[in-house]
């Protein structure tokens, strides 16, 4: 048994389903007060606006999102991401808000005996240590990739977040740009996510989600992407690509999207547009492979959408 | 006060916000079918239904179940077994059984909802794999789980009849089977271990007073007399308290001061000349052992112990020939360096012990592979009479070699229980299990293989450096002596000691890394010689068991249709490899077969770690008496029974079968002699009648030597290598109580993979595993073992690696999400072929299957990948990062 020797997190923490927090409580990583969130009609379930836009309560279970037929019709990238994360048992429990506000899965962060930036430490032990599963876009002092698959998918959809204090936050407003290594999100102390608003889907848009992992299921993504595209007259019209597992925050792959828009939807265009997915990357010594996976994944998913 | 309903009964919930649902189920309600394994929602062993939905009870706050209905595994089969439970029993979809309750709960929910919406349709492998993706089974029972779930969904198990090839299966599918972690005596304390934070340090002061001052707390020191800790996680002290929370508080109260010493971590750093020395000469006996038997003498300088090169033959010649061939640019010379990763046993039941003293009598429940030998070790260490120590292991949740010693969990439990005068349980948490509970050491293997001009094998050179941590005695290269005879062999093994936890024996110690390197070198030689790889092995490997397996393998359609490497995104390839293990048995093993109260009872102090020992005994005896296995009572898992074998070295079956058969023969004679009334003439169950009427008779027989007459070519592999082999064999028997028999248990595997060159993903499509371990004693269970061995081998080949912080040696993969074992959806179609000849000289004709069956898998996968993409992967695990790296800059798909 280990005794937490690094700075544990002693601030109060909200608990939705506890799928992240319970493990950190057991290991001694979280030792402050626990405030259980209780659902209200406003914070659970899926509501629809007259324009066809959905609003999802933060305490809605991932499994409920994954199995919602209307959501799958309007926002297939969201439901596919929900289907692709964690395990069936976790998806039954875990909530959308909890997924967005979960803490890092970095193996240094999760070890209660090792100090790190996210636990009040002064440097990132993964950077000089073993960062096999860490970022390939080195955007800040902490090199752990952001763990939220739902945040990545919501970024592809330009979703807005409403908290108990603020509304209209973009995913970038919520999670930052990766330069703050001490936090996994920019929520103020005591602030909590209440719901997510999705813009109405584009006419005729298609979307897919996929993660690259070593086994078949139940693994944190090495790289994951969500692609939305409108293809008409054989040409890519609008393309949105978001990627996770590669940076301290989910990223939009704007260069690849731009390389597709206005071009014919064929294999040659797609192959050409995949390479710029890695533009701006700064891989660590052990994470160069993630760029190969990223370009492979862009090519794979865009092909599936278009061809 | 809030309440929840568990299996139909209203139960109160505690107010403690940190109480989890699993605590209520296991500790408050004593429903121990639900298992705690990963504590992180990864493995699914703790799965229960909440309002019908499967959830991870290890993460769910207890209060979240308020007002809801919870169903545990005990609630599922309470009235009548669910079809899924019957299907699991019938298909033998389980081995050690520790993951089984979680699988049962999830599969029943899946099956019920499937049948409600899909009727009698049969779910596909893909659908079952996705539904059960939140469950892990370390034994690798997945192949049978697929079949069980499909058949249950199809309504094939709706009737009341159920037969199970594994006699304890019902206990395992209902959650009734008790493991060490489930033992709960009155007044039992919970023990925890304080472990070193430093990779290398001298403990200058250890003050337990503040911990002992806490109410109900006992504390003992576990420090060695040199007060030096040599790895992060080395035990320092242990505490016991009424519950885990107070034990944690007691750990925090221990005051420790230490002086940090320079540390060295891993295979490369450990070999440097200026590396800090881990064991000075005086402390070398503290090093652990990574093999199944005790080691011989070897040179030991700084952190490098070796070379152990006793299995070389004409080593200098081999080196010279290789040098000459290299200088001559001989195109046939195959040279490569291979690296294998550290593989964790990752037993789902952690190392655990519960010690209880009644006066001067010690009863120890332990998750162990050796109840009898553990009793002897404890008696010796604590100077107790052998009849005052009793070790019990009714069920063991996996071992794989890691539970074959007197470990810290046992020492701590005994010493705390003695001090506290109360029963104490010590059960490792997952971080301990995946860091300090043993592992198969990583290794670097340099191989040179030189065919002769006539197409024979001229020279083989293997130099292995094993990353043994605070342990020694790795044999990897040496194993290359007992296969592929050559004109000369240069085989050297080195242990590289560093400030890492000690490695341990792991299923065929040294075998899989040797095969990964040598079998790829053979494959490469076949390519260069332009010979079919199976044909080359048939030429170079005269072992009669493997000759028959080569004939089987070369006849497989998949092999005959093999194609060269391809282009395109997805590329398929087929590879094969060979493996073997020694046929080992344990002298002095005794089995009692008795008739008691009209039933047959077999007793021996061995244990079942999931391998099926109970059924091997029951099936064997049932055949002899023409009874059903369920007619036989098998008593094992208790050191007070006649001396039985340890579950290591694949030795149980070969150790217990002969004395069992001898005892049966004598018992039959005694029963006939004492029978007052002979069976009715023409009775179709004469023995059943005799047994029912027989007075109580017990016969104890001891394992004798094997017959001398063996089939042509069947000899002891050690004898075959001459004097040194005989000395080695004598040492094994003298110091490790293991005899090496004649004949070589062998496995030949043919594997098909598909490589996704874009995403670096390797999918294993088909595995054909041919196994020669003599007559199969319990066929369904042997098949389970064969499949599980392949699945563990696939984990070794593709996913599993311990990752460390390179400076401190902290194990970063200390949770099940980061230490990646295969899941059900990663399981290929597995075809098992048993060749049952080769062991006629053994009474019963059966030897063990556990190790031989896992040795070739990683090499066969690597050879298949080479066949698919034309690149040889020399380092495992072959993860996506390694595939895309290997293909980088090559022909784009």
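Bear in mind these aren't lab numbers, they're just calculated from the coordinates by the rules spelled out. Owing to the predicted nature of the structure, the values given are computational and were not obtained by experimental measurement. Neighbour counts are summed over all protein chains in view; Cβ atoms, including those assigned to glycine, are modelled from backbone coordinates with ideal geometry.
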Handout entry: Inter-part distance where segment A:206-245 and segment B:454-509 are each reduced to a Cα centre, Å
Key = 45 Å
Completion exercise
With the 8 Å Cα cutoff and a minimum separation of six or more residues, chain A has a relative contact order in percent of 18 percent
Practice task
Could you pull the Rg and Dmax for segment B:185-265, using just the Cα atoms, both in Å?
Solution key: 13.4, 46
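Using only the Cα atoms of segment B:353-415, build the gyration tensor, take square roots of its eigenvalues as a ≥ b ≥ c, and label the shape rounded, prolate or oblate: rounded if a/c is under 1.5, else prolate if a/b is larger than b/c, else oblate.
Judged from the Cα gyration tensor, segment B:353-415 comes out prolate (a/c at least 1.5, a/b above b/c).
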Exercise for the section: Would you work out the relative contact order for chain B, in percent, from Cα pairs under 8 angstrom that are 6 or more residues apart? Expected result: 14 percent
Exercise for the section: Within 10 Å of each residue's Cβ, count the other Cβ atoms and sort B:866, A:131 from fewest upward. Expected result: B:866, A:131
Handout entry: Ranked list, fewest to most other Cβ atoms within 10 Å of each Cβ, for A:109, B:834, B:625
Key = B:834, B:625, A:109
Exercise for the section: Give the dimensionless ratio obtained when the Cα radius of gyration of segment B:483-548 is divided by 2.2 N^0.38 Å. Expected result: 1.43
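Output needed for segment B:585-706: three equivalent-ellipsoid semi-axes, defined as square roots of 5 times the C-alpha gyration tensor eigenvalues, in descending order, whole Å.
26, 14, 12
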Exercise for the section: Which order do the peptides B:24-32, A:218-226 take when ranked by the mean count of other beta-carbon atoms within 10 Å per residue, highest first? Expected result: A:218-226, B:24-32
Practice task
Only helical DSSP H runs with n ≥ 4 go in: add -39500 (n - 2.57) per run for chain A, normalise by residue count and round the 222 nm mean residue ellipticity to 500 deg cm²/dmol.
Solution key: -7500 deg cm²/dmol
Problem - Long-range Cα-Cα pairs in segment B:335-449 (distance over 17 Å), rounded percent - result: 57 percent
Completion exercise
Correct semi-axes for segment A:114-155, from √(5λ) of the alpha-carbon gyration tensor and rounded to whole Å with the largest first, are 21, 12, 9
Completion exercise
Mean separation of Cα contacts under 8 Å (at least 6 apart) over the residue count of segment A:170-260, i.e. the relative contact order in percent, is 20 percent
Exercise for the section: Ratio to report: Rg/Rh of the protein assembly as shown, with Cα atoms as the point set and Rh obtained by the Kirkwood method; give two decimals. Expected result: 0.96
Completion exercise
Computed over the Cα atoms of segment B:1-176, the Rg and Dmax in Å are 15.6, 47
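I want the antiparallel fraction of DSSP beta bridges within the protein assembly as shown, as a percent rounded to 5.
75 percent
For chain B, what does the helix formula give at 222 nm: sum of -39500 (n - 2.57) over DSSP H segments with n ≥ 4, over the residue count, nearest 500 deg cm²/dmol?
Values: 25 runs with 261 residues, N = 893.
It comes out at -8500 deg cm²/dmol, rounded to the nearest 500.
For chain B, which semi-axes, largest first and in whole Å, follow from the square roots of 5 times the eigenvalues of its Cα gyration tensor?
40, 35, 31
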Practice task
Report the percentage of all Cα-Cα pairs in segment B:760-889 whose separation exceeds 18 Å, rounded to a whole percent.
Solution key: 61 percent
Handout entry: Evaluated over chain A, the Cα radius of gyration and Dmax, each in Å
Key = 18.9, 62
Handout entry: Cα pair count fraction exceeding 19 Å, expressed as % - segment A:54-199
Key = 53 percent
Practice task
Could you tell me the largest-minus-smallest coordinate of the C-alpha atoms of segment B:415-508 on each of the three principal axes, in descending order and whole angstroms?
Solution key: 73, 23, 20
Practice task
Between the alpha-carbon centers of segment B:601-626 and segment B:529-558, tell me the distance in whole angstrom.
Solution key: 35 Å
Handout entry: Alpha-carbon centroid distance for the pair segment B:256-330 / segment A:8-64, whole angstrom
Key = 53 Å
Practice task
Looking at chain B, send over the antiparallel percent of its DSSP beta bridges, to the nearest 5.
Solution key: 75 percent
Problem - For segment A:205-306, alpha-carbon Rg over 2.2 N^0.38 Å - result: 1.03
